[in-house]
1. Order of ILE124, ILE51 from fewest to most other C-beta atoms within 10 Å?
2. For an R0 of 30 angstrom, estimate the FRET efficiency from the Cβ-Cβ distance between GLU161 and LEU125 and round to the nearest 0.05.
3. Could you give the length gained by full extension between ILE97 and SER39, i.e. 0.36 nm per residue of separation minus their alpha carbon distance, to one decimal place?
4. So if each residue of separation counts as 0.36 nm, and I subtract the Cα-Cα distance between ARG32 and GLU153, what length gain in nm does that give?
5. What is the sum of charges, Lys and Arg at +1 and Asp and Glu at -1, for the other residues whose Cβ falls under 13 Å from the Cβ of ALA102?
6. Could you work out the pair-distance distribution P(r) of segment 83-130 from its alpha-carbon pairs, with 5 angstrom bin width and percents rounded to whole numbers?
7. Given the pairs LYS9/LYS37; LYS18/LYS103; LYS103/LYS126; LYS15/LYS94; LYS48/LYS103, which span a C-alpha to C-alpha distance of over 31 angstrom in this model?
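The numbers here are math on the coordinates, done by the rules we state, and not lab data. Nothing here was measured: the structure is a model prediction, and the numbers come from that model. Don't worry about glycine lacking a Cβ; one is built from the backbone with ideal geometry, like all the others, and counts go over all protein chains shown.
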Amino acid sequence: MEGKLIKQKQKLEIKKIKNNRDLLITFTKRKRDIHKKASELSTLCGAKVDIVMHTSSGNWFSYGEPSHLVMTTSCDKQNPSEDVINLLVEDQTKLEIDELCAKNKRLIDQMHYEEEREKELREILKTRNAHGWWEAKYLTHEQAKEMRASFIELKQKLENELSIKRGEKDKSSHGK
């Protein structure tokens, strides 16, 4: 038994987990452990246990032993002025509704902005009498020949200009 190593539990530093995947895995495992402990506490001691969890992603989880519905009903009978769970749910729901309303307002404002921009662009196009390439007119055979000849002439002029520029560049580089 000399060479046998005993694995000890490592102490985990308690801080917010940054990696989303690890956070979800840890939450799932610990949620299961909390449910197990609550069930054991209820079974061993006869305690009524009710757990409500709200995650950072907005999900609600609840656990009740014997049942969380029975627990909230019995709490209502004992203290009808405060239903803590309902207040928490209402507050969270109001927050989520407010966030969704704000997001909806931003999207509507963006949509109105884009509609105004579209109107402005249409006006600009109307005032310029612009015809895009998609509205091109058909050419006759003679017009197409003339256009081809002008393109060939333009190509030759550009080639001549480039050769002159290259010649000047070569002369200047040899003179250095």
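1. Working: ILE124 10, ILE51 16.
Fewest-to-most ranking of ILE124, ILE51: ILE124, ILE51.
2. Working: r = 35 Å, r/R0 = 1.16.
With R0 = 30 Å, the Cβ-Cβ based efficiency is 0.30.
3. Difference between extended and current length: 17.5 nm.
4. 35.5 nm is the gain from fully extending ARG32 to GLU153.
5. Numbers: positive: LYS94, LYS103, LYS105, ARG106; negative: GLU96, ASP98, GLU99, ASP109.
It works out to a net charge of 0.
6. 4, 19, 11, 12, 10, 8, 9, 6, 6, 5, 4, 3, 2, 1
7. Values: LYS9/LYS37 19 Å; LYS18/LYS103 26 Å; LYS103/LYS126 35 Å; LYS15/LYS94 29 Å; LYS48/LYS103 41 Å.
Checking Cα-Cα distances, LYS103/LYS126; LYS48/LYS103 exceed 31 Å.
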